[in-house]
Number of protein chains: 2
Amino acid sequence: MARWEPGARDRLVVAAVELFSEKGYDETTVAQIAERAGLTKSTFFRYFPDKRELLVAGQETLGTLLAEGIAGAPSDATPLQAVAAGLKAVSGVMSPINRELWPRMKAAIAASSELQERDALKSVGLAASMTTALVARGVPDPTAHLAAELGLLAFKRGYADWTGADRESDHDLAYYTSRALGELRAATASLG
Amino acid sequence: MARWEPGARDRLVVAAVELFSEKGYDETTVAQIAERAGLTKSTFFRYFPDKRELLVAGQETLGTLLAEGIAGAPSDATPLQAVAAGLKAVSGVMSPINRELWPRMKAAIAASSELQERDALKSVGLAASMTTALVARGVPDPTAHLAAELGLLAFKRGYADWTGADRESDHDLAYYTSRALGELRAATASLG
């Protein structure tokens, strides 16, 4: 029976991102990632089907959390208030590891068209999760689509602000996504 | 010297989409596409580096047209009026072939995760082209980002309406994208 490896998943992610930024994504193998993490290849495959999925492993979790946060917003919440609740739910699972690794992750994505495509599809999936959750609340289309796109933009901008911010700052991700959502809402007034 | 093939590019696209919907994207080879089009493999490679690029061959053209349309809008145009000018510029190059093939293209994309990823990255690229063109007009961020996302949503929704509309309708794509942009603009009032 497979031995439980404490923190194995996080160690694999850290090792992978280190190797991606050192050698490039295409040149990195699953065996190298496992070795760097001090684990076996079969342990790797207990957590991830391949190296690409490792980078986007959190996607389903993110989509689910966004949808649950939106569904759980008060019944009188506006579409953007519901989106803000979804973003807050996501913030709760973002660890210091996410924050530390992001600059290297971003570099790995920028250097690989395969990762760019995977990352773009992830965005489409997150927007779709939010749209579906908003429609389930009775938000009519195209308002639901639009609110979901604002949520996605707010998530990306807030995430970039969070990972780029002074590490001594005690604001969590929700602070930055909420601020970004407010700025985007204000910007709707100047679209013309 | 390579012989010039009249209409070769369009014939390759039509043949490819037919085969993708008959056999699936993964099972279709470049040789089969060329044969169906009555052309050689080397003719195929004069137009496209591989079968995937064939499906998104218009991306660079679309991005350039959107950006040029935005850049060419009157200097007192609002951000959304500039985006509407970009969408109108794109509409001019959309042929009946685009309209005819879309339902089968959509089915091919839905059946292939590789195509979904490529398609998602295309969307990101189009939004980036519009954002850059808006920033060059002096539109501040995040208004530029937001206007570009509305433009992208309007393009997708307008395209779906155009390809789904009664073929006897004499409205062009610009009519549908403009209508979608207007609906999205109106929806900003109900975001809360």
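The values are calculated or read from the model by the stated rules, or taken from the named source; none is laboratory data. Predicted model, so just to flag it, every value in this text is computed and none were measured. So basically every Cβ, Gly included, is an ideal-geometry build from the backbone, and we count neighbours across all protein chains shown. Surface accessibility is based on the protein's heavy atoms, side chains included, excluding ligands, DNA and RNA. Shrake-Rupley method; radii C 1.70, N 1.55, O 1.52, S 1.80 Å.
A few notes on this one:
- Lone qualifier among A:GLY125, A:GLY158, A:GLY182, A:GLY151 - being within 14 Å of chain B (Cβ to nearest Cβ), part of a helix (DSSP H, G or I), in contact (Cβ under 8 Å) with a residue 40 or more places away in the chain and open to solvent by 10 Å² or more (accessible area, probe 1.4 Å): A:GLY125
- Residue that is assigned to a loop (DSSP other than H, G, I, E, B), at pLDDT below 85 and open to solvent by 10 Å² or more (accessible area, probe 1.4 Å), where the choices are B:GLU114, B:GLU168: B:GLU168
- B:MET94 assigned to a loop (DSSP other than H, G, I, E, B), surrounded by 15 or more Cβ atoms within 10 Å (Cβ to Cβ), more than 11 Å from chain A (Cβ to nearest Cβ) and touching a residue at least 40 places away in the same chain (Cβ under 8 Å): yes
- Summed over the stretch B:131-143, residues that are at the interface with another protein chain (Cβ under 9 Å from one of its Cβ atoms) and either surrounded by 15 or more Cβ atoms within 10 Å (Cβ to Cβ) or of a type in the set (S, T, N, Q) (or both) total 3.
- Counted residues, the stretch A:161-179 - those being more than 15 Å from the chain's Cα centre (by Cα) and either within 14 Å of chain B (Cβ to nearest Cβ) or of a type outside the set (Lys, Arg) (or both): 10
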